[in-house]
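Quick note: the coordinates plus some simple rules give every number you see, no bench work behind them. Since the structure is predicted, the reported quantities are computational estimates derived from the model, not experimental observations.
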Amino acid sequence: MIPGAALCPFGPEGHVLRCDAAQAYRALSERFARRFGEPLCVTDSYRTFDAQVDLYRRKPALAAVPGTSNHGWGLAVDLCGGVESFGTPAHRWMRANAPALGWVHPAWARQGGGREEPWHWEYTG
Ligand SMILES: [Zn+2]
C-alpha cells in the first residue's frame, strides 16, 4: 500500500489507481471510446507488493523486481482491446493521444526498447 496516497476506482470492476491517475485514465478512456466505440480495456492496474512478488516468481521475464514496478504505486495499467499489440490502430491512437492526458508508453516497453510490452502504460502526470 502507498503511504498517504489514495487509490480510486476508475472503471473496470475491482481495479484501482492513484486518484489523479484514475481521473486522467477516465478522461483518456472517454476519448478512446469516442474514436473506437468502446472504452479502454484493462487487464492489470494497481498491484500489491505481494501480488508483484507472486508475479515475479511466476513470470520473472515479464514482471519488474518487486518494489520497483509502477503498478505498485498505482501509476501503471496493462491494456487490451488492441492496445496490447504494436502497430494496431488502437496502439497508434494511444501513442498519439495518451501523452496529452499524462499517460505514456515508457521507452523500455517500446519496440526495441529492451523489454517490449505494448500493453504497459504509465501515468506521469
Ligand atoms: Zn504493466
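Can you tell me the alpha carbon radius of gyration of segment 67-111 divided by the globular rule-of-thumb value 2.2 N^0.38 Å? Can you show the working numbers first?
Numbers: Rg = 11.0 Å, N = 45, 2.2 N^0.38 = 9.3 Å.
Taking N as the residue count of segment 67-111, the ratio is 1.18.
How high is the relative contact order of the chain, in percent, counting Cα pairs under 8 Å that sit 6 or more residues apart? Walk me through the numbers on the way to the answer.
Working: 205 pairs, mean separation 28.0, N = 125.
Relative contact order here is 22 percent.
I'd like to know how the chain sits against the 2.2 N^0.38 Å rule of thumb: what's its Cα Rg over that expected value?
Values: Rg = 13.8 Å, N = 125, 2.2 N^0.38 = 13.8 Å.
Output field value: 1.00.
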